[in-house]
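Presented below is the structure to which this report refers.
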Amino acid sequence: MDLAPRLVRPATLADLEALPPTWRGEILDDTLYAFPRPRAPHVRRVVGRDRAGEDPGPLR
């Protein structure tokens, strides 16, 4: 698994804005943490309802 190189300087807002749109990130203690956004089935499950307003049940 390829890991992103470590920054040798504190993370900045520009580093956060440079993330791809499908990723989200946050800066904690001058360190940028980034991870992909959840896919649609997971988002619906976290919200707790499907498009029809029904509980979708467990993830498949």
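The table below lists the values:
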quantity: Residue under evaluation Ala40, criteria (1) small (Gly, Ala, Ser); (2) under 15 Å from the mean Cα position of the chain (by Cα); (3) modelled with pLDDT of 90 or more, criterion not met; calculated: (3)
quantity: Matching option when the condition is open to solvent by less than 70 Å² (accessible area, probe 1.4 Å) and modelled with pLDDT under 90, among Gly25, Gly57; calculated: Gly57
quantity: Restricting region 7-21 to residues that are assigned to a loop (DSSP other than H, G, I, E, B) and open to solvent by less than 90 Å² (accessible area, probe 1.4 Å), the residue that is modelled with the lowest pLDDT; calculated: Leu7
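The values are calculated or read from the model by the stated rules, or taken from the named source; none is laboratory data. As the structure is a prediction and not an experimental result, all values here were calculated from the model. Surface accessibility is based on the protein's heavy atoms, side chains included, excluding ligands, DNA and RNA. Shrake-Rupley method; radii C 1.70, N 1.55, O 1.52, S 1.80 Å.
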